[in-house]
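Below is one structure; the comments refer to it alone.
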Amino acid sequence: MDTFPVYFLQLGDDLHVIVPEDRQDLGHTEFWEQTASHLVAQHYGIPQEPLANLPYCQRRGRVVGNTLYVGTRRPDPKLVKAVREAMGNDPLTFAHDAHERRLREDVRQFRRLVRRASRSG
């Protein structure tokens, strides 16, 4: 059964559904450090190093078979559509998993980094 992490990155007006190459079964932390954090850092013009320890600052989920576990009880219909299209999986269902929620402290630290970068840039 396929299982792999997914990040949903809202970068400006665009929603990016990011999955590991070949849909590898990676931990979120590893996938965040290797891939997703670099995309976020580049978009916001902030250093990647401080982001490396904030894997819960962005929306995320985990695919297990035909189910995508996410941190919200009612995912936004635009997100559902974007994910199904990006993954080429129309029957993909969504289920709540509290483990996939964003953490307030990670979100706060991320926002601080973005504010600092916007002041200095």
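Residue by residue, here is whether (1) over 25 Å from residue 3 (Cα atoms); (2) of a type in the set (A, V, I, L, M, F, W, C); (3) in contact with a His (Cβ under 8 Å, 6 or more places away or on another chain); (4) without any contact (Cβ under 8 Å) to a residue 60 or more places away in the chain holds:
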| position | (1), (2), (3), (4) |
| --- | --- |
| 20 | no, no, no, yes |
| 33 | no, no, no, yes |
| 42 | yes, no, no, yes |
| 54 | no, yes, no, yes |
| 82 | no, yes, no, no |
| 89 | no, no, no, yes |
| 94 | no, yes, no, yes |
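In the stretch 89-120, how many are of a type outside the set (S, T, N, Q), in a loop (DSSP other than H, G, I, E, B) and under 22 Å from residue 14 (Cα atoms)? Of the residues in the stretch 89-120, 4 are of a type outside the set (S, T, N, Q), in a loop (DSSP other than H, G, I, E, B) and under 22 Å from residue 14 (Cα atoms). Being part of a helix (DSSP H, G or I) and surrounded by 15 or more Cβ atoms within 10 Å (Cβ to Cβ) is the filter here, so list the residues in the stretch 70-88 that pass it. Answer for the stretch 70-88, where residues must be part of a helix (DSSP H, G or I) and surrounded by 15 or more Cβ atoms within 10 Å (Cβ to Cβ): 79, 80, 82, 83, 84, 86, 87.
Listed by first and then second residue, the pairs linking a residue in the stretch 103-117 that is of a type outside the set (D, E, K, R) to a residue that is part of a loop (DSSP other than H, G, I, E, B) and surrounded by fewer than 14 Cβ atoms within 10 Å (Cβ to Cβ), with Cβ atoms under 9 Å apart and 6 or more places separating them unless they lie on different chains, are 113/47; 114/45; 117/45; 117/47.
Taking the options 23, 73, 119, name whichever one is touching a strand residue (DSSP E or B) at 6+ places or on another chain (Cβ under 8 Å), at pLDDT below 95, of a type outside the set (Gly, Ala, Ser) and at negative phi.
Details: 23 fails: at negative phi; 119 fails: touching a strand residue (DSSP E or B) at 6+ places or on another chain (Cβ under 8 Å).
When all the criteria are applied, what remains is 73.
Scanning the stretch 5-51 for residues that are buried (at least 19 other Cβ atoms within 10 Å of the Cβ) and of a type in the set (Phe, Trp, Tyr) yields 7, 8, 31, 32.
The values are calculated or read from the model by the stated rules, or taken from the named source; none is laboratory data. As the structure is a computational prediction, the values presented were derived from the model and not from experiment. A quick note on method: Cβ atoms are made from the backbone with ideal geometry, for glycine too, and the neighbour counts reach across all protein chains shown.
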